[in-house]
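The structure under discussion appears below in the form of structure tokens.
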Amino acid sequence: MAQVQSSGTHEVRFRDSQGNDHCAVLSVRHATMIVRPPIGKQRKYRHQELQIIHAEELDPPEGRTPVIWKLITNLPVATHADAVHKLEWYALRWKIETFFRTLKTGCRIEELRLATAERLANCIALCCVVAWRVSWLAMLSRDAPAADPAAVFTEDERHLLDQATPHRKRQAPRDLQFYVRAVARLGGYLDRASDAHRGRR
């Protein structure tokens, strides 16, 4: 890939483990690679034409590891726009992993012991809805903590959360972050000054 000319640049924004915002400009290169099976199995298996995408940060700041992504896909990548499209998909990987982590740790989906496939499918479907909503709340709280909570919580839900946290009833403002923290406390989050914000995990 070092011999392949860059097709252009792509800008990505992200947060580090401390919640600090960063912006990285990546130099994007892409090429086609033919992967051949072992000599003894070439009659049984076809050669695979794969697309390689290499994105490396230009001028990374001191004190931070540079962003370097190396992707392999069997999807078509003929142009710079195609390569950027696949990079944007890859950038969603952490959100997808967070969703599955919520399924495993929050919903404990791996501990299900239902007797029939139909019951198991129904329970998994319900857990997926729960995990999606928890992940969505965490992302919203991180990106728009001062948003109107009415966009997410119904009036009845906000009333119940107010009753569940009477010692914080006078806290202002009662924005989206306030109610997301209230939900997290119901799940065991201690909300101490040293605890990471639930929307940043």
Exercise for the section: Considering each residue of region 152-201, count those that are at pLDDT below 85 and exposed (fewer than 15 other Cβ atoms within 10 Å of the Cβ), and give that number. Expected result: 21
Fill in the blank from the handout: Checked pairs for region 35-46, first at pLDDT 90 or above, second surrounded by 10 or more Cβ atoms within 10 Å (Cβ to Cβ) and among the hydrophobic types (A, V, I, L, M, F, W, C), C-beta under 7 Å and 6 or more apart or across chains, list as V35/L50
Problem - Out of A91, A81, A2, sole residue that is modelled with pLDDT under 95, aliphatic (A, V, I, L, M), under 23 Å from the mean Cα position of the chain (by Cα) and surrounded by fewer than 16 Cβ atoms within 10 Å (Cβ to Cβ) - result: A91
Completion exercise
A careful count of residues in region 4-23 that are closer than 20 Å to A81 by Cα and without any contact (Cβ under 8 Å) to a residue 12 or more places away in the chain gives 1
Problem - Extreme residue, farthest from V180 (Cα to Cα), among residues of region 94-128 that are assigned to a loop (DSSP other than H, G, I, E, B) and hydrophobic (A, V, I, L, M, F, W, C) - result: A115
Exercise for the section: For L71, state whether it is of a type outside the set (D, E, K, R) and assigned to a loop (DSSP other than H, G, I, E, B). Expected result: no
Exercise for the section: Name the one entry in E56, E49 that is part of a strand (DSSP E or B), touching a residue at least 24 places away in the same chain (Cβ under 8 Å) and surrounded by fewer than 13 Cβ atoms within 10 Å (Cβ to Cβ). Expected result: E49
Practice task
Return yes or no: is A131 at pLDDT 90 or above and within 24 Å of L176 (Cβ to Cβ)?
Solution key: yes
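The values are calculated or read from the model by the stated rules, or taken from the named source; none is laboratory data. Only a predicted model underlies this, so the values are computations on that prediction, with no experimental measurement involved. So basically every Cβ, Gly included, is an ideal-geometry build from the backbone, and we count neighbours across all protein chains shown.
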